[in-house]
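Have a look at the structure below before the remarks.
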Amino acid sequence: MSISSEYSFNNAYNATVNVATNAFLTGPAIQVARVGAASYSFDRMWIYTMDRRDLYEVFGTYYLYDQPIRVDDDVYYTNAIQDMWASFARTGNPNVDKSYLITRGYNSTLAFFSDFVWPSFNAMTPQVASLQFPGPAITTLPDQERIAVLAPFFSS
């Protein structure tokens, strides 16, 4: 099996970090998601990817750690991520109740979710939320091709 040309890296360090991430984090996480869904171990599962990939969005701690806001949309993205986490904590579902957002005047999060409903992940339709700004999308599990190549080397 070969890996498509879309996977290219500008140096050996980035390639190594990417392989290690797929081998030790993404690959095992995907395996847990697949097994959990196939065995119905959980009532519902919510799987996501975030290209911004840092916890400043989740906790809103840009200023606490003296991190710059790259673009103004970072603030709105942070609001949406925090609203999803809070909704999940309150209800077990990361889809934010629109009436809650309207009542609180959270217009940026309302816009974020205007055409989006995060489906639960299951074995028949393994859909994943791609949480990006200005709007999220539905996708599939990440890096499948690379993880398939690595799996024989890291399975026990």
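The values are calculated or read from the model by the stated rules, or taken from the named source; none is laboratory data. Values in this document were obtained by computation on a predicted structure and should not be read as measured data. Please note: Cβ atoms are built from the backbone with ideal geometry, for glycine as well, and neighbour counts cover all protein chains shown.
Which residue out of V58, V75, V32 is closer than 22 Å to P126 by Cβ and of a type in the set (V, I, T)?
Testing whether each residue is closer than 22 Å to P126 by Cβ and of a type in the set (V, I, T) leaves just V32.
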Cβ pairs under 7 Å, 6+ apart, first in the stretch 132-154 and more than 24 Å from D74 (Cα to Cα), second among the hydroxyl-bearing types (S, T, Y): D143/T26; E145/S4; R146/Y7; I147/T26
Does any residue of the stretch 90-110 turn out to be touching a strand residue (DSSP E or B) at 6+ places or on another chain (Cβ under 8 Å), surrounded by 14 or more Cβ atoms within 10 Å (Cβ to Cβ) and free of Cβ contacts under 8 Å to residues at least 24 places away in the same chain? no
Return only the number of the condition from (1) more than 19 Å from Y48 (Cβ to Cβ); (2) not assigned by TED's automatic domain parsing to the domain that holds R34 that P94 does not satisfy. (1)
Just to be sure I understand, how many residues within the stretch 24-57 are modelled with pLDDT under 85 and within 18 Å of D143 (Cβ to Cβ)? 4
Being farther than 21 Å from G27 by Cβ, outside the structural domain of T16 (by TED's automatic domain parsing) and of a type in the set (V, I, T) is the requirement here; does V117 meet it? yes
From the options D83, D66, D43, residue that is surrounded by 11 or more Cβ atoms within 10 Å (Cβ to Cβ) and over 24 Å from E145 (Cα atoms): D83
